[in-house]
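Trainee: What follows is a single structure, and I will ask about it in a moment.
The values are calculated or read from the model by the stated rules, or taken from the named source; none is laboratory data. From a predicted model like this one, the values you see are computed outputs, not experimental measurements. Note that we place each Cβ from the backbone using ideal geometry, even for glycine, and neighbour counts take in every protein chain shown.
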Amino acid sequence: MVTDRQDDADTLPQHYSAALDHFGHLVRQIEPYQWGHRTPCRQWSVRALVNHVIVQQLWVPPLLAGTPAVALADREGTDALGPAPVLAWKRAATLAEEAVHTTGALDRTVVLWAGSASAAHLCSQIAMDTVVHAWDLACGLGAEERLPDPLVDFALRELSGYADRLPATGLFDPPLSAPHGADPQTRLLALTGRSAADSGQR
């Protein structure tokens, strides 16, 4: 029997690419005056949010190539956008996508700060994070907040096993209770401590 999670493992490169495409579509909409806008991630402006997602993508190629996380520079606190943020995003996304689509890459074991982990699990988590942050970015820009249904379904399946542990990372608020009969996107946002009321953060 093939479970949803097994199916996602088989289609993870496609989900990863789709998450990058959607986030990139929003990045290309950013006007110069919008980089300082607030987002539902209260500690992050639009610029800080995009920087975070770029840094995550820059981690992917060396980690999948076998470089231990401790050997990588602490890029989270650096400015990965530089003077040409859209080009910086395109470069990081291209490198990450190529790494994820490399034959056998997702079958490997990666060495993270807390120990060894499946490369597929790492990339699935990063893809989920990219999907959720695409909503954050859309809110910060006043852009279309509706996420593609296949990405919402993928992110919900990815989160199903550990949503209650996200607050301990310091990057997510505690899960919220979604209204009865809520649609999948509302449930996804609730699992990550977000609600539609968080939009309009500008």
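Trainee: Among the candidates Thr78, Thr130, Thr94, which residue alone is at pLDDT below 95 and β-branched (Val, Ile, Thr)?
Mentor: Thr78
Trainee: Out of the residues in segment 94-110 meeting the condition of being touching a helix residue (DSSP H, G or I) at 6+ places or on another chain (Cβ under 6 Å) and closer than 24 Å to Leu166 by Cβ, tell me which one is surrounded by the fewest Cβ atoms within 10 Å (Cβ to Cβ).
Mentor: Restricting to residues being touching a helix residue (DSSP H, G or I) at 6+ places or on another chain (Cβ under 6 Å) and closer than 24 Å to Leu166 by Cβ, the top hit is Leu106.
Trainee: Mind telling me which of the residues Gly82, Gly142 ends up being closer than 19 Å to His52 by Cβ and more than 18 Å from the chain's Cα centre (by Cα)?
Mentor: After applying the criteria, what remains is Gly82.
Trainee: Hey, can you tell me all the residues within segment 1-58 that are at pLDDT 95 or above and among the acidic types (Asp, Glu)?
Mentor: If the condition is that a residue be at pLDDT 95 or above and among the acidic types (Asp, Glu), then Asp21, Glu31 are the ones that fit.
Trainee: From the list Val132, Val111, exactly one residue is touching a residue at least 12 places away in the same chain (Cβ under 8 Å), of a type outside the set (S, T, N, Q) and part of a strand (DSSP E or B). Which is it?
Mentor: Val111
Trainee: Only one of these conditions is not met by Leu147: (1) in contact (Cβ under 8 Å) with a residue 60 or more places away in the chain; (2) of a type in the set (A, V, I, L, M); (3) not in a loop (DSSP other than H, G, I, E, B). Which number is it?
Mentor: (3)
Trainee: Might you check whether a residue that is loosely packed, with under 14 Cβ neighbours inside 10 Å, part of a helix (DSSP H, G or I) and small (Gly, Ala, Ser) occurs anywhere in segment 161-183?
Mentor: Yes.
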